[in-house]
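Below is one structure; the comments refer to it alone.
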Amino acid sequence: MQIGAHVSISGSVANAVNNAIERKCNAFQIFTRSPRSWHAKELEQGEVNEFKDRLSSSDIDRHATTAHMPYLPNLSSPDKEGYDKSIKAMVKEVQRCNVLGIPFLVTHLGSHRGTGEEKGIERLVDALNKVAETKADVTILLENTAGQKNSVGSEFKQWAEIFSKCKQKNRFGVCFDTCHAFAAGYDLRKKQDVQKTLKEFDELIGFENLKILHLNDSKGMLNENRDRHEHIGLGQIGEEGMSEIISIMNKKKIPMILETPIDDKRDDFGNIEKVKSLA
Ligand code: ZN
Ligand code: MN
Ligand code: MN
């Protein structure tokens, strides 16, 4: 099983590796810089070397590590200035991943801000294809959305349409978020629900394109379009569904990353334990 969590880079990006090891992870996700700002502090050679050294001397396979795009860029934005800025920020992020030897970069699909799905998808696909021109050993992973207002890519069919319009096939893959899929109306509660939902995913997108799974339970109900993650097994998806998802991902050898809350009920340590007990 390849299981990990989103870990902090506070202090130095190299600390992410220690944070992952401490949590008994053999996979992890990071933001390569603060996710709430447009500005990215340059990576220093020292911390890059340290990151790579710690990673290669650990039990974590580099191919089970991923970065996640910061929150501000919107690749579907109708605002020209914001759109160009978003593309620039993503190119930068691809380059940072390349320097760190992180093979994947997960991205959200953005908001069309009321200008319609068709135009939003057009801008999104143009942006993605532009970013993919950046020479780097990094695969861009399109993450499915919960279906909030003005978002695209919550329905598998539309997610597949976006993916199919990405030109350089070797530069793209997908990241499946279980909470987002459930929020978008794909049932994952019973064993059979999981199998049905993942079969639909396989038919439209294909497991061969699934590089990372975001393993999150859901605070919101089925089809409620709420992007609210819950501790594993304690949400609306529950233990039966989670356990079936875990078993299928293990068979397919897909790394699972937790993006679960840290609160009085549980932290990352507890959720990792829980996943292991459900496996
Ligand atoms: Zn995400
Ligand atoms: Mn996610
Ligand atoms: Mn989310």
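The condition of being over 21 Å from Leu141 (Cβ atoms), touching a residue at least 40 places away in the same chain (Cβ under 8 Å) and surrounded by fewer than 24 Cβ atoms within 10 Å (Cβ to Cβ) holds for only one of Glu259, Glu244, that being Glu244. Restricting region 190-216 to residues that are farther than 21 Å from Glu161 by Cα and over 20 Å from the mean Cα position of the chain (by Cα), the residue that is surrounded by the most Cβ atoms within 10 Å (Cβ to Cβ) is Asp193.
Residue check: is Glu42 acidic (Asp, Glu), assigned to a loop (DSSP other than H, G, I, E, B), out of contact with any helix residue (DSSP H, G or I) (no Cβ under 8 Å at 6 or more places or on another chain) and surrounded by fewer than 22 Cβ atoms within 10 Å (Cβ to Cβ)? Yes, satisfied.
Would you tally the residues in region 186-219 being of a type in the set (Gly, Ala, Ser) and in contact (Cβ under 8 Å) with a residue 40 or more places away in the chain? Total satisfying the criteria: 1.
Here His108 clears all of (1) farther than 25 Å from Leu213 by Cβ; (2) out of contact with any helix residue (DSSP H, G or I) (no Cβ under 8 Å at 6 or more places or on another chain) except the condition numbered (1).
All conditions but one from (1) buried (at least 17 other Cβ atoms within 10 Å of the Cβ); (2) more than 16 Å from ligand 3 (Cβ to nearest atom); (3) free of Cβ contacts under 8 Å to residues at least 60 places away in the same chain; (4) not β-branched (Val, Ile, Thr) apply to Asp267; the one that does not is (1). In this structure, His229 does satisfy being buried (at least 19 other Cβ atoms within 10 Å of the Cβ), within 14 Å of ligand 2 (Cβ to nearest atom), touching a residue at least 40 places away in the same chain (Cβ under 8 Å) and over 18 Å from Gln2 (Cα atoms).
Of all residues in region 166-185, those satisfying the criterion of being closer than 23 Å to Glu224 by Cα and either of a type in the set (Asp, Glu) or within 16 Å of ligand 1 (Cβ to nearest atom) (or both) are Val174, Cys175, Phe176, Asp177, Thr178, Cys179, His180, Ala181, Phe182, Ala183, Ala184.
Filtering region 132-149 to residues that are of a type outside the set (D, E, K, R) and within 15 Å of ligand 2 (Cβ to nearest atom) leaves Ile140, Leu141, Leu142, Asn144, Thr145, Ala146, Gly147, Gln148. Residue count for region 25-39 under the criterion of being more than 13 Å from Leu100 (Cβ to Cβ) and away from ligand 3 (no atom under 16 Å from the Cβ): the result is 7.
Each value in this text was obtained by applying a stated rule to the coordinates, not by laboratory testing. Fair warning: this is a prediction, and the values are worked out from it, not measured in the lab. All Cβ positions, even for glycine, are placed from backbone atoms using ideal geometry, and neighbour counts span all protein chains on display.
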